[in-house]
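Trainee: Sharing a structure here in structure tokens format.
The values are calculated or read from the model by the stated rules, or taken from the named source; none is laboratory data. What you see is a predicted model; the values in this text were computed from it and never measured. Heads up, the Cβs are rebuilt from the backbone with ideal geometry, glycines too, and the neighbour counts pull from every protein chain shown.
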Amino acid sequence: MKEKLEQLKKMAIDEITSANTLKNLDELRVNYLGKKGQLTSMLRSMKDLSKEERPKIGQIANDVREILENSLRDKKSTLEKQEVNSKLEQEVIDITLPTKNMVYAPLHPLDKTLEEISDIFIGMGYEIVSGREVETGYYNFDALNLGINHPARDEQDTFYINQDTMLRTATSPVQVHTMEQGKLPIRMIAPGKVYRADEVDATHSPIFHQVEGLVIDTDITFGDLKGVLAEFAKKFFGDKVEVKFRPHYFPFTEPSAEVDVTCVMCKGKGCSICKQEGFIEILGCGMVHPKVLEMAGIDSTKYQGFAFGMGVERLTMLKYDINDLRLFYENDYRFLTQF
Ligand code: DAH
């Protein structure tokens, strides 16, 4: 019996030593120390021993059990550590590896310009108003003093939805909606998309962006208009830019003007962009026509105002020297990441 126990101990320790998985180790535990395990059944057979032998063998058996339990526990913790280590090794992150090419999304140049324009006018106390892109003939034309025979009413320029509903051809209808709300004074800009049944080429697109401006108060003069728009031009194009107000005609303003700035390409020397003028047009403006005020319910004997409208694509092309408007809509990453 004693030899048997020694043999069993040796065999068990050998097997425990060479166990290489936790599962393997647990099988060994069951095999030796489990209910039907080898050592357990040997202990059970001790009842057949003589009275003298029993305590001696019992002692040895208990020692063997303790030794086996200890070596199982030691081996278990070794295997557990190994498992953690190999997991850590597998999951190691090599921080020296180059990253995947990160694609970041820069602001679209038109959004950049829109933000810049908005910032300039917000700085002067203007509010940002949003309008609607689908308008009725009243708001898109009549209320802006565009008579029934005005060329802009021609179907060629306007995307009609039905006889009296259309995609707005300018942001100017927002002026009318704002005035109709009856809250005075008004200092607002209205950026947004406008639609014209145009061909697509380097300077035309059926969809483009405008920023409308409107100021209504008592004591507003053409001098205020000049001051605000000259300030805008200098903030947008830089201090050195020269600003010129040139008489023009718009049905909804009287008097009306177009604003020119020193040609950004030739700095005023004269080139093909400015048609040798040294100046280029950047926006339209004027004092709000009394008829327009009255139609919107504003007393034109008490209130005056000025309005302006500018093309966002045009301003962006001038500022960044972009020669083809189609670049804005093609989403070519090489173009978009230049801003
Ligand atoms: N609505 C004009 C256009 O689309 C731009 C414009 C000119 C707006 C003069 C104005 C203005 O408010 O006063 O060409």
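Trainee: For residues in the range 300-319 being over 40 Å from the mean Cα position of the chain (by Cα) and farther than 19 Å from Leu144 by Cβ, which is surrounded by the fewest Cβ atoms within 10 Å (Cβ to Cβ)?
Mentor: Going through the qualifying residues, I end up with Thr301.
Trainee: Here is a follow-up. Step by step: first the residues of the range 35-54, then only those that are acidic (Asp, Glu) and loosely packed, with under 10 Cβ neighbours inside 10 Å, then the one that is nearest to Leu8 (Cα to Cα). Which residue is that?
Mentor: Restricting to residues being acidic (Asp, Glu) and loosely packed, with under 10 Cβ neighbours inside 10 Å, the top hit is Asp48.
Trainee: Which numbered condition in (1) within 14 Å of Leu283 (Cβ to Cβ); (2) assigned to a loop (DSSP other than H, G, I, E, B) is the only one that Val259 fails?
Mentor: (2)
Trainee: Looking at Thr169, Thr158, Thr178, which is the one that is under 16 Å from Ala197 (Cα atoms), in contact with a Leu (Cβ under 8 Å, 6 or more places away or on another chain), surrounded by 13 or more Cβ atoms within 10 Å (Cβ to Cβ) and not hydrophobic (A, V, I, L, M, F, W, C)?
Mentor: From the options Thr169, Thr158, Thr178, the qualifying one is Thr158.
Trainee: Does the range 157-171 hold any residues that are under 10 Å from Gly137 (Cα atoms), within 15 Å of the ligand (Cβ to nearest atom) and not hydrophobic (A, V, I, L, M, F, W, C), and which are they?
Mentor: The answer is Arg168, and nothing else.
Trainee: Looking at the range 185-221, which of the residues that are part of a loop (DSSP other than H, G, I, E, B) and small (Gly, Ala, Ser) is surrounded by the fewest Cβ atoms within 10 Å (Cβ to Cβ)?
Mentor: Applying the filter and picking the extreme gives Ala202.
Trainee: When you go through Glu115, Glu15, Glu27 one by one, which is the residue that is under 30 Å from Thr316 (Cα atoms) and in a helix (DSSP H, G or I)?
Mentor: From the options Glu115, Glu15, Glu27, the qualifying one is Glu115.
Trainee: Given (1) assigned to a helix (DSSP H, G or I); (2) over 59 Å from the mean Cα position of the chain (by Cα), where does Ser86 come up short, assuming only one miss?
Mentor: Among (1) assigned to a helix (DSSP H, G or I); (2) over 59 Å from the mean Cα position of the chain (by Cα), the lone unmet condition for Ser86 is (2).
Trainee: What number of residues within the range 130-144 are in contact (Cβ under 8 Å) with a residue 60 or more places away in the chain and either in contact with an Asp or Glu (Cβ under 6 Å, 6 or more places away or on another chain) or away from the ligand (no atom under 11 Å from the Cβ) (or both)?
Mentor: 5
Trainee: Also, I was wondering about something else. Given the conditions (1) surrounded by 12 or more Cβ atoms within 10 Å (Cβ to Cβ); (2) touching a residue at least 24 places away in the same chain (Cβ under 8 Å), which single one is not true for Glu115?
Mentor: (2)
Let's see how each residue does on (1) in contact with an Asp or Glu (Cβ under 8 Å, 6 or more places away or on another chain); (2) away from the ligand (no atom under 13 Å from the Cβ); (3) at pLDDT 95 or above:
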| site | (1), (2), (3) |
| --- | --- |
| Ala296 | yes, yes, yes |
| Lys302 | no, yes, yes |
| Phe308 | yes, no, yes |
| Leu318 | no, yes, no |
| Leu327 | no, yes, yes |
| Glu330 | no, yes, no |
| Phe335 | no, yes, no |
| Phe339 | no, yes, no |
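Trainee: Answer yes if at least one residue in the range 227-238 is assigned to a helix (DSSP H, G or I), over 24 Å from Asp111 (Cβ atoms) and in contact with a helix residue (DSSP H, G or I) (Cβ under 6 Å, 6 or more places away or on another chain), and no otherwise.
Mentor: No, the range 227-238 has no match at all.
Trainee: Considering only the range 269-326, state which residues are out of contact with any Leu (no Cβ under 8 Å at 6 or more places or on another chain) and among the charged types (D, E, K, R).
Mentor: Residues satisfying the conditions are Lys269, Lys275, Glu277, Glu281, Lys291, Glu294, Lys302, Arg314, Lys319, Asp321, Asp324, Arg326.
Trainee: Further question on the same structure: Looking at (1) away from the ligand (no atom under 13 Å from the Cβ); (2) in contact with a strand residue (DSSP E or B) (Cβ under 6 Å, 6 or more places away or on another chain); (3) modelled with pLDDT of 95 or more, find the lone condition where Cys263 falls short.
Mentor: Against the list (1) away from the ligand (no atom under 13 Å from the Cβ); (2) in contact with a strand residue (DSSP E or B) (Cβ under 6 Å, 6 or more places away or on another chain); (3) modelled with pLDDT of 95 or more, Cys263 comes up short only on (3).
Trainee: Being at pLDDT 90 or above, in a loop (DSSP other than H, G, I, E, B) and touching a Lys or Arg at 6+ places or on another chain (Cβ under 7 Å) is the filter here; which residues of the range 122-157 pass it?
Mentor: Answer for the range 122-157, where residues must be at pLDDT 90 or above, in a loop (DSSP other than H, G, I, E, B) and touching a Lys or Arg at 6+ places or on another chain (Cβ under 7 Å): Gly125, Tyr126, Glu133, Phe141, Asn145, Leu146.
Trainee: Also, I was wondering about something else. What is the residue count in the range 228-255 for residues that are over 32 Å from the mean Cα position of the chain (by Cα) and within 14 Å of the ligand (Cβ to nearest atom)?
Mentor: The total comes to 11.
Trainee: Turning to a different aspect of this structure: Go through (1) touching a residue at least 12 places away in the same chain (Cβ under 8 Å); (2) surrounded by fewer than 19 Cβ atoms within 10 Å (Cβ to Cβ); (3) out of contact with any Ser or Thr (no Cβ under 7 Å at 6 or more places or on another chain); (4) assigned to a loop (DSSP other than H, G, I, E, B) for Gly268 and report which single condition fails.
Mentor: It fails just one condition, (3).
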